[in-house]
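Read the structure below first, then the notes.
The values are calculated or read from the model by the stated rules, or taken from the named source; none is laboratory data. Note that the coordinates shown come from a computational prediction; the quantities given were computed from them, not determined experimentally. Cβ atoms come from the backbone with ideal geometry, glycine included; neighbour counts cover every protein chain shown. Areas reflect the complete protein model, heavy atoms only, side chains present, ligands, DNA and RNA absent. Shrake-Rupley method; radii C 1.70, N 1.55, O 1.52, S 1.80 Å.
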Amino acid sequence: MMRELERFRSAALSFTGLPQGPENRRLRVYLFKNAQEFRRFSGDDKIAGFYRETWEGPLIFARSDGHGISGSGLIFHEYVHHLMREHSALRYPRWYSEGFAELLASADVRQSEVVIGGVPDWRLGAWLDENERPLTITELLNPAPGNDSKRYWNNYYASAWLLTHFLQLGVNSGQPDYREATNNYLNAVAAGEEPQAVFEFYFGMPIGEMQRALERYMQSEIYGYRYQVPPYDFSIPRRHLSDNESLFLLAERAQDVGDPALAERYLKQGEGYAPGWHPLQMSLALLKSAQGNRKFGIQVLEEIETQGLPSPYTAAKVAQWYLQRLQAAVGNSGWDEEAYAATVKYGRLAVQQHPAYLPGYRSLWQAYRLKGAQAQTLQVMMAAHQETPHHLGLNATIGFYLADIGKPELAREYLERVVAWSHSTPLREKAHHLLGQTPAGI
């Protein structure tokens, strides 16, 4: 699976003209050999894999049952979003971001080549009903606000794929070459131009005329590109995990998919005092603390503090444990200075040891925010952003905080990224609402 993903990545970078270099943030992939175990995380027998953006970075979950990584178009689709964020600072309009991801996600990974430009077969159902039609260009430029219908978004992605395919690959079918016009348009939108208002200017024709050309393109043969990508023969380093390390990773991923009960189930299987017990026990302490039991955490902390400097992962957990205590005090209209000082102490320890580890920063800025220290809160947020500028959750946090403290003009660039990147309707609508209150509007 990893070799297939590496080959897809190579072809995708070739298609975009990007250098074949490493990403800033490593994508982590969890492959389950046991289908039942995978279902505990996915909750669905019908899917072969799914993607999550977490505070620790992007994740892909997949099952090993013969489908391969390309068994789910979703995995390639989300991986393209990951590549686009890692390699480009542009804030793409939603239709192009989704259409381009669909365009590359339909890649066919063959024995010695990768073909890009085919039809994404997982979207074919969008137009099978005689009452269904592709969305118009105008509808793509203005997606329906608040629409959570799966049929609508399946159609939206399929229609975005069609328009993007037309603009990027239509020249191979005898259409005009719109690639330079597309680049100029995307740069203009990223610079703040309204996507629909400037569409006709950069493409040099009325939207209605482009629409008619697009409808004709639907009836023609489509062409793609073949990239010679040999099998991935490089060695892949591997290391066996201890039981505690394995259980800790599974518990962390269970938390990422919003299942604390499953996380606790794994953590309780841990072996005390074996390698890797510190972060595992602190994770269990956090879950018990959320249930009102803080005695367990006190015992674990006493043992950790007698054994020297904790790892950045353990330090971040300790900071989060003290933060829970601080939040409880503030929730009762009080303050806990000891918990505040400890949160800051361990949050700083985590950040100093692992500057790219967001959970350490997160506890720090939450503690500073509870204290009302705006300058320190923003300082920590910006330090985290410098390490991981393309993290969706971090951009949302900064944008919403800046808007909350009365700095909407500074919030704008972060909120625009949320609108462009997020698949969450509530998150996009909140960002849309706040953007509408900025001096420049939306």
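Hey, can you tell me all the residues within the range 139-180 that are among the aromatic types (Phe, Trp, Tyr) and without any contact (Cβ under 8 Å) to a residue 24 or more places away in the chain?
The answer is Tyr152, Trp153.
Return the only residue of Gly399, Gly334, Gly406, Gly393 being on the phi > 0 side of the Ramachandran plot and out of contact with any His (no Cβ under 9 Å at 6 or more places or on another chain).
Result of the check over Gly399, Gly334, Gly406, Gly393: Gly406.
Arg226 passes all but one of (1) in a helix (DSSP H, G or I); (2) in contact with a strand residue (DSSP E or B) (Cβ under 9 Å, 6 or more places away or on another chain); which number fails?
Evaluating Arg226 over (1) in a helix (DSSP H, G or I); (2) in contact with a strand residue (DSSP E or B) (Cβ under 9 Å, 6 or more places away or on another chain) leaves (1) as the failure.
Of the conditions (1) surrounded by fewer than 17 Cβ atoms within 10 Å (Cβ to Cβ); (2) within 17 Å of the chain's Cα centre (by Cα); (3) outside any helix (DSSP H, G or I), His390 satisfies every one except a single condition; which number is it?
(1)
Sort out which residues of the range 324-363 are in contact with a Leu (Cβ under 9 Å, 6 or more places away or on another chain), touching a residue at least 40 places away in the same chain (Cβ under 8 Å) and open to solvent by less than 20 Å² (accessible area, probe 1.4 Å), and write them in order of number.
Scanning the range 324-363 gives Leu326, Leu358, Gly360, Ser363.
Only one residue in Tyr357, Tyr346 is more than 24 Å from the chain's Cα centre (by Cα) and hydroxyl-bearing (Ser, Thr, Tyr). Which one?
Within the list Tyr357, Tyr346, the selection yields Tyr346.
Under 8 Å between Cβ atoms, which residue pairs at least 6 apart in sequence (or on different chains) link something in the range 222-243 that is free of Cβ contacts under 8 Å to residues at least 40 places away in the same chain with a partner that is among the polar types (S, T, N, Q)?
From residues that are free of Cβ contacts under 8 Å to residues at least 40 places away in the same chain, the pairs are Asp243/Gln269.
Under the condition of being more than 26 Å from Leu349 (Cβ to Cβ) and of a type in the set (Val, Ile, Thr), which residue from the range 393-420 is farthest from the chain's Cα centre (by Cα)?
Ile405
Of all residues in the range 420-433 being part of a helix (DSSP H, G or I) and open to solvent by 30 Å² or more (accessible area, probe 1.4 Å), which is nearest to Val189 (Cα to Cα)?
His432
Scan the range 123-138 for residues that are assigned to a helix (DSSP H, G or I) and either over 17 Å from Met218 (Cα atoms) or in contact (Cβ under 8 Å) with a residue 60 or more places away in the chain (or both) and jot them down.
Ile137, Thr138
With the condition kept exactly as written, say whether any residue in the range 38-45 is modelled with pLDDT under 85 and touching a strand residue (DSSP E or B) at 6+ places or on another chain (Cβ under 9 Å).
yes
Among the residues of the range 22-58, count how many are part of a loop (DSSP other than H, G, I, E, B) and under 20 Å from the mean Cα position of the chain (by Cα).
11
When both residues are 6+ apart or on different chains and their Cβ atoms are under 8 Å apart, which pairs have a first residue that lies in the range 384-395 and is among the acidic types (Asp, Glu), and a second that is open to solvent by 30 Å² or more (accessible area, probe 1.4 Å)?
Glu387/Pro355; Glu387/Ala356
Residues of the range 106-122 being open to solvent by 30 Å² or more (accessible area, probe 1.4 Å), assigned to a loop (DSSP other than H, G, I, E, B) and of a type outside the set (Gly, Ala, Ser), which ones?
Those that are open to solvent by 30 Å² or more (accessible area, probe 1.4 Å), assigned to a loop (DSSP other than H, G, I, E, B) and of a type outside the set (Gly, Ala, Ser): Arg110, Gln111, Val119.
Pick out the one residue from Met2, Met84 that is at pLDDT below 90, buried (at least 17 other Cβ atoms within 10 Å of the Cβ) and either aliphatic (A, V, I, L, M) or under 25 Å from Pro195 (Cβ atoms) (or both).
None of the others qualify; the one that does is Met84.
Under 6 Å between Cβ atoms, which residue pairs at least 6 apart in sequence (or on different chains) link something in the range 253-274 that is within 11 Å of Asp243 (Cα to Cα) with a partner that is surrounded by fewer than 17 Cβ atoms within 10 Å (Cβ to Cβ) and of a type in the set (A, V, I, L, M)?
Close Cβ pairs satisfying both conditions: none exist.
Kindly indicate whether any position in the range 137-150 is more than 24 Å from the chain's Cα centre (by Cα), surrounded by 14 or more Cβ atoms within 10 Å (Cβ to Cβ), within 22 Å of Leu103 (Cα to Cα) and of a type outside the set (Asp, Glu).
Looking for residues that are more than 24 Å from the chain's Cα centre (by Cα), surrounded by 14 or more Cβ atoms within 10 Å (Cβ to Cβ), within 22 Å of Leu103 (Cα to Cα) and of a type outside the set (Asp, Glu), one finds at least one in the range 137-150, hence yes.
Considering the range 208-242 alone, what residues qualify as being in contact with an Asp or Glu (Cβ under 6 Å, 6 or more places away or on another chain) and either open to solvent by 90 Å² or more (accessible area, probe 1.4 Å) or more than 21 Å from Val114 (Cα to Cα) (or both)?
Arg226, Gln228, listed by residue number.
Look through the range 20-32, keep the residues that are open to solvent by 40 Å² or more (accessible area, probe 1.4 Å) and in contact with a Lys or Arg (Cβ under 8 Å, 6 or more places away or on another chain), and return whichever of them is modelled with the highest pLDDT.
Going through the qualifying residues, I end up with Tyr30.
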